[in-house]
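Report on the following structure.
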Amino acid sequence: MSRRKLIAGNWKMHMGPGEAGPLAQAIKKAVMDVMVADVTVAPPYLSIPEVVAALRHTGIQVAAQNLHWESSGAYTGELSSEMIAAAGCTQVIIGHSERRQYFGETDQTVNKKVHAALRVGLAPILCVGETLAQRESGAEVAVVESQLEGGLAGIHEDDLQRIVLAYEPVWAIGTGKTASSDQAQAMHGAIRSWLRGRYAGGVVSSLRILYGGSVGPANAALLLSQPDIDGALVGGAALKADSFARIVEAAG
Ligand code: 13P
């Protein structure tokens, strides 16, 4: 089963209005000749309009980094999936470990957000991953399976088709310490086999599982050559057009 790879840049809290447009333009220039994979960028909320405008008609998708599960209401500081879709996003990152760690996200809130994204046709990029202590105690697969169980509660086969998963070991994020290609492949394989126990084979075979955690131009090709690694969720190296484009190229 060949899955088209997806390279997604998570800009986190970088590139505000005025900075995001130029980066999007530079990415467009650098990536257009090497579009051997699907490409997504996820700017901060406020920068979404200028990034959407810069990338119109390029095929490069724009994702939000979070959303609230209600459509509207008294939720100060939040944005709904309806608003994010109306701004021109087609995807949304959900359950990133930084949100779980610093903003109290749980598998239950993550699950509500997955449903809210699907409600308006946004493709969720659902993140899972263990901490260093969990890996050192040998619990990494159990932790990830329980995040999947919670995050995908009530998600049926037709919905699964629209979801992208991202495995991001917390200890590899922003640390320069990447999971080895063997460690990453082992977890991606475990995720796919967990899914096979719950969903029809065809849907599971076409579902993309991205790896994230210190992906850069130097390690991307090896990671992306693993059979169950279908792309990358890139943080730091997505903030420069040149390094991001080299990661896209490595997906070819
Ligand atoms: P880094 O690539 O900076 O390690 O970040 C990974 C990440 O968290 C992407 O969502």
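The values are calculated or read from the model by the stated rules, or taken from the named source; none is laboratory data. None of these values were measured; they are calculated from a predicted model. Every residue, glycine among them, receives a Cβ derived from its backbone with ideal geometry; neighbour counts consider all protein chains shown.
Structural remarks
- Selection count where residues are touching a residue at least 12 places away in the same chain (Cβ under 8 Å) and either more than 14 Å from the ligand (Cβ to nearest atom) or hydrophobic (A, V, I, L, M, F, W, C) (or both), scope the range 199-236: 25
- Pick from the range 99-113, criterion part of a loop (DSSP other than H, G, I, E, B) and without any contact (Cβ under 8 Å) to a residue 12 or more places away in the chain, ranking: nearest to the chain's Cα centre (by Cα): E105
- Of the residues making up the range 169-198, those that are touching a residue at least 12 places away in the same chain (Cβ under 8 Å), among the small types (G, A, S) and surrounded by fewer than 20 Cβ atoms within 10 Å (Cβ to Cβ) are G174, G176, S181, G189, A190.
- Selection within the range 206-252: residues that are among the polar types (S, T, N, Q) and over 15 Å from the mean Cα position of the chain (by Cα). The member of this set that is farthest from I27 (Cα to Cα) is S206.
- Condition check for K112: within 16 Å of the ligand (Cβ to nearest atom) and of a type in the set (K, R): no
- Count of the range 152-207 residues which are of a type in the set (K, R) and either at pLDDT below 95 or touching a Phe, Trp or Tyr at 6+ places or on another chain (Cβ under 6 Å) (or both): 1
- Being exposed (fewer than 14 other Cβ atoms within 10 Å of the Cβ) and of a type in the set (S, T, Y) is a property that holds for S72.
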